[in-house]
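Enquirer: Once you've had a glance at the structure underneath, I'll fire off some questions.
The values are calculated or read from the model by the stated rules, or taken from the named source; none is laboratory data. The model shown is predicted, which means the values in this text are computed figures rather than measured ones. Cβ coordinates were reconstructed from backbone atoms using ideal geometry, including for glycine residues, and neighbour counts include every protein chain displayed.
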Amino acid sequence: MKIRKTFFWLHLILGCSAALFVLLMSITGVALTYERQMIKAAERADYVKPPTNGAQALTLDNFIIVANSLVAEKAKKTEKKPSITLTNELGAPVVIKVGRKVLAYLNPYTADVMAEPGKNTKIFFKKLRGFHRWLTLDGTFSETGRWINGVANVFFFILLLTGGYLWLPKRFKTKAFKQKLTISSKHASVKARDYQWHNAFGFYMSPILFIVIVTAFFFSFKWPGQTLKRVVSSESIAITSAQALTIAQQSQQLSQQALITALSAEFTGWQSIQFLIPTLNQSIQIYQVDNGNGGEPQKRLSVALSTLTGEVVEKQTFDQASNYRQVRSYIRFLHTGEAFGLVGQTLVGLASLLACLLVYTGVMLSWRRWQASRAAKLT
């Protein structure tokens, strides 16, 4: 059996076997395209309006007092330090966390605990994301669902490779390539239309689908991450550590509000700032500054600020992080396209949409082939 024929039958069998699961991943992928923007819009709709014109938010020191009180009340036994997250938008709540767990959303003008902004929208996308990853309807993790999607994704990867080989014309001539690449509005038959769409759209979307599929391996299986950790360096340079202040220096220490004001003046384009609430009087305060949309790791940095002067002592950009951390961060956001902002998200969403078309045209071509084969046997 010739290699082209072998690849053809492998492509057909794997395509029909994984069609349903690839279709489900693709449809939900389309629905998740602008997840970040939709959640942000829902959050903004629930943001607090200023009580009066020109009203100012409370100082950060007020929120630290409330945060410490909440931690003492709700997270007594935890050894994790509480953190505060600020968002650079009018009316956005101050978020208190312990680790990844959110303790409270605080009204920026009163420091009262408020309802989670955009909660229903977040729940919807959490369930949709759970189905996309694990085939569950309630958003909970399922090892079986992850395994099924993982196998389907491996099949999809093989389909991409075999499809690329089958796409190549038997004779490398300009006319043959033009026929493969041209999307015509007129076709001799529905079969001819499906064949052309399958070839043309499959070729144009293959680079993006390749990235989406390969990055998905890291979510479906453990071995890609483990292999990556062995191959690339996990070593990183530690940012300047804090020292305890002397009694004399403590009286010169700036307030947390003054430090945030100094940080905001230094990084005017910040979108969010997160930091651990200090438990001691220390010389350095570390801040995690995000200048992007939340899905652009290359726009994040760590900043060490002197608590005595408010000056930047050190900053570490994304490029200074360990190779492993950089690659893993890019993998997460390349899969969704968010690493390249709205354009990247749109391209990944379009690729997911056209993947649905590839499933449809591939299945229909296989179905017609089976019908023709069956009819030939009956005659």
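Enquirer: Which numbered condition trips up L137, out of (1) without any contact (Cβ under 8 Å) to a residue 12 or more places away in the chain; (2) in contact with a Lys or Arg (Cβ under 8 Å, 6 or more places away or on another chain); (3) assigned to a helix (DSSP H, G or I)?
Expert: Here L137 meets the rest and fails (3).
Enquirer: Report whether or not K178 is more than 30 Å from I65 (Cα to Cα), modelled with pLDDT under 95 and surrounded by fewer than 16 Cβ atoms within 10 Å (Cβ to Cβ). Outline the logic, then answer.
Expert: Values: more than 30 Å from I65 (Cα to Cα): yes; modelled with pLDDT under 95: yes; surrounded by fewer than 16 Cβ atoms within 10 Å (Cβ to Cβ): yes.
In short, yes.
Enquirer: Also: Mind checking which pairs have a first residue in region 66-83 that is assigned by TED's automatic domain parsing to the domain that holds V98 and a second that is part of a helix (DSSP H, G or I), Cβ under 7 Å, 6 or more apart or different chains?
Expert: Cβ pairs passing all conditions: P82/A67; P82/V71.
Enquirer: Still on this model: Going through region 293-311 one residue at a time, which ones are assigned to a loop (DSSP other than H, G, I, E, B) and crowded, with 19+ Cβ neighbours inside 10 Å?
Expert: Residues satisfying the conditions are G295, E296, T307.
Enquirer: Could you check region 49-102 and list, in sequence order, the residues that are among the small types (G, A, S) and outside any strand (DSSP E or B)? Reasoning before the result, please.
Expert: Step one: filter region 49-102 for residues among the small types (G, A, S), giving 54-55, 57, 67, 69, 72, 75, 83, 91-92, 99.
Of everything in region 49-102, those that are among the small types (G, A, S) and outside any strand (DSSP E or B) turn out to be G54, A55, A57, A67, S69, A72, A75, G91, A92, G99.
Enquirer: Of the conditions (1) assigned to a loop (DSSP other than H, G, I, E, B); (2) more than 30 Å from G91 (Cα to Cα); (3) touching a residue at least 12 places away in the same chain (Cβ under 8 Å), A111 fails just one. Which one is it?
Expert: Unmet condition: (2).
Enquirer: Of (1) loosely packed, with under 14 Cβ neighbours inside 10 Å; (2) in the same structural domain as S302 (by TED's automatic domain parsing), Q257 satisfies all except one. Which?
Expert: (1)
Enquirer: Would you call Q326 within 30 Å of S241 (Cβ to Cβ) and among the polar types (S, T, N, Q)? If you could, list the steps in order and put the result at the bottom.
Expert: Working: within 30 Å of S241 (Cβ to Cβ): yes; among the polar types (S, T, N, Q): yes.
Yes, satisfied.
Enquirer: Only one of T136, T174 is farther than 28 Å from F124 by Cα and either in the same structural domain as F8 (by TED's automatic domain parsing) or over 25 Å from the mean Cα position of the chain (by Cα) (or both). Can you tell me which? If you could, list the steps in order and put the result at the bottom.
Expert: Values: T136 fails: farther than 28 Å from F124 by Cα.
Among T136, T174, only T174 is farther than 28 Å from F124 by Cα and either in the same structural domain as F8 (by TED's automatic domain parsing) or over 25 Å from the mean Cα position of the chain (by Cα) (or both).
Enquirer: Among the residues of region 173-230, what is the count of those that are touching a residue at least 60 places away in the same chain (Cβ under 8 Å) and among the polar types (S, T, N, Q)?
Expert: Qualifying residue count for the region: 2.
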